């Protein structure tokens, strides 16, 4: 297994310096994820090249590139078309700097943001639009030979493994893969309290299309009515033995990323993860 981190690379790629890269390496990470800020069509190519060179200098792999784009499930066809074009441009940018894959959000019907809830996210018409959008985006991925890591979530159309499999099967593209982020599927108390069952269901149904994993923890708060939030690794309900063992069996050279933590807590999470992998006799690869 290889270890990576999300959230350490600032939006201004030119702000990445030797000290930051050395800090990332010292925590045991060999790969990073970076996000293109703003309109991908306005991306600073020089800044992307700069980041690539800095990471290469410090033996850090640029594993995934992410970026923002309008909703690809929007009922407004003009908005959806803009989303498809922008998502496709992120793929082109990733190919330009030689990243391993592109991270993609399924977005939302909400006007608030791509991760905001909306009842229409679960409607069959929304799923049909998502399939059409991803089919077009997958064609761009095929053109650039660039795998896509879909980030799924209970708030989005890709809210459970059965729906995800149905969508991918309808598209039939080998370039569409899934990032395994089990916490994103914890939408109720049953899932939270049977996290091992959830993990096995995810791996059983979607293991063949996995490309990477996000390592997080989750806890239930004692506050009416139901409050579920992410937690620092080791402080929640996550069954790390099952998660890490099954991911290692599936992708022994795959990247597992720590994410959604402030920079000051990343060293604690990294230490926990390295200790757990040692307990499980799972080697950490470069």
Query raised in the report: Filter segment 1-35 for residues that are in contact with a strand residue (DSSP E or B) (Cβ under 6 Å, 6 or more places away or on another chain) and part of a loop (DSSP other than H, G, I, E, B); which is nearest to residue 286 (Cα to Cα)?
Result: 30
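Quick check: is even one residue across segment 158-177 under 18 Å from residue 35 (Cβ atoms) and either at pLDDT 95 or above or surrounded by fewer than 16 Cβ atoms within 10 Å (Cβ to Cβ) (or both)?
no
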Report summary line: Among the residues of segment 101-153, the number that are in a loop (DSSP other than H, G, I, E, B) and either free of Cβ contacts under 8 Å to residues at least 60 places away in the same chain or more than 14 Å from the chain's Cα centre (by Cα) (or both) is 19
Report task. Using the structure shown, decide if residue 248 is at pLDDT 95 or above and either on the phi < 0 side of the Ramachandran plot or over 20 Å from the mean Cα position of the chain (by Cα) (or both). Result -> yes
Requested in this report: For residue 47, state whether it is over 22 Å from the mean Cα position of the chain (by Cα) and without any contact (Cβ under 8 Å) to a residue 24 or more places away in the chain.
Outcome: no
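Which members of segment 237-252 meet the condition of being touching a strand residue (DSSP E or B) at 6+ places or on another chain (Cβ under 7 Å) and either buried (at least 20 other Cβ atoms within 10 Å of the Cβ) or under 15 Å from residue 209 (Cα atoms) (or both)?
Hits for segment 237-252 are 238, 247, 250, 251.
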Requested in this report: Just give me the residues in segment 56-100 being closer than 16 Å to residue 11 by Cα and either in contact with a helix residue (DSSP H, G or I) (Cβ under 7 Å, 6 or more places away or on another chain) or not in a helix (DSSP H, G or I) (or both), in sequence order.
Outcome: 62, 64, 65, 66, 67, 68, 69, 90, 93
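Pick from 232, 268: which is touching a residue at least 24 places away in the same chain (Cβ under 8 Å), at negative phi and in contact with a helix residue (DSSP H, G or I) (Cβ under 7 Å, 6 or more places away or on another chain)? Explain how you work it out, then say what you get.
On the way: 268 fails: in contact with a helix residue (DSSP H, G or I) (Cβ under 7 Å, 6 or more places away or on another chain).
So the residue among 232, 268 that is touching a residue at least 24 places away in the same chain (Cβ under 8 Å), at negative phi and in contact with a helix residue (DSSP H, G or I) (Cβ under 7 Å, 6 or more places away or on another chain) is 232.
Please verify whether residue 179 is out of contact with any helix residue (DSSP H, G or I) (no Cβ under 7 Å at 6 or more places or on another chain), part of a helix (DSSP H, G or I) and in contact (Cβ under 8 Å) with a residue 40 or more places away in the chain, treating the condition exactly as stated.
When the stated conditions are applied, residue 179 does not pass them.
Using the structure shown, decide if residue 274 is under 15 Å from residue 4 (Cα atoms) and either surrounded by fewer than 20 Cβ atoms within 10 Å (Cβ to Cβ) or in contact (Cβ under 8 Å) with a residue 60 or more places away in the chain (or both).
Details: under 15 Å from residue 4 (Cα atoms): yes; either surrounded by fewer than 20 Cβ atoms within 10 Å (Cβ to Cβ) or in contact (Cβ under 8 Å) with a residue 60 or more places away in the chain (or both): yes.
Considered against the rule, which asks whether it is under 15 Å from residue 4 (Cα atoms) and either surrounded by fewer than 20 Cβ atoms within 10 Å (Cβ to Cβ) or in contact (Cβ under 8 Å) with a residue 60 or more places away in the chain (or both), residue 274 comes out as yes.
The values are calculated or read from the model by the stated rules, or taken from the named source; none is laboratory data. What you see is a predicted model; the values in this text were computed from it and never measured. Here the Cβ is made from the backbone with ideal geometry for all residues, glycine too, and neighbour counts use every protein chain on show.
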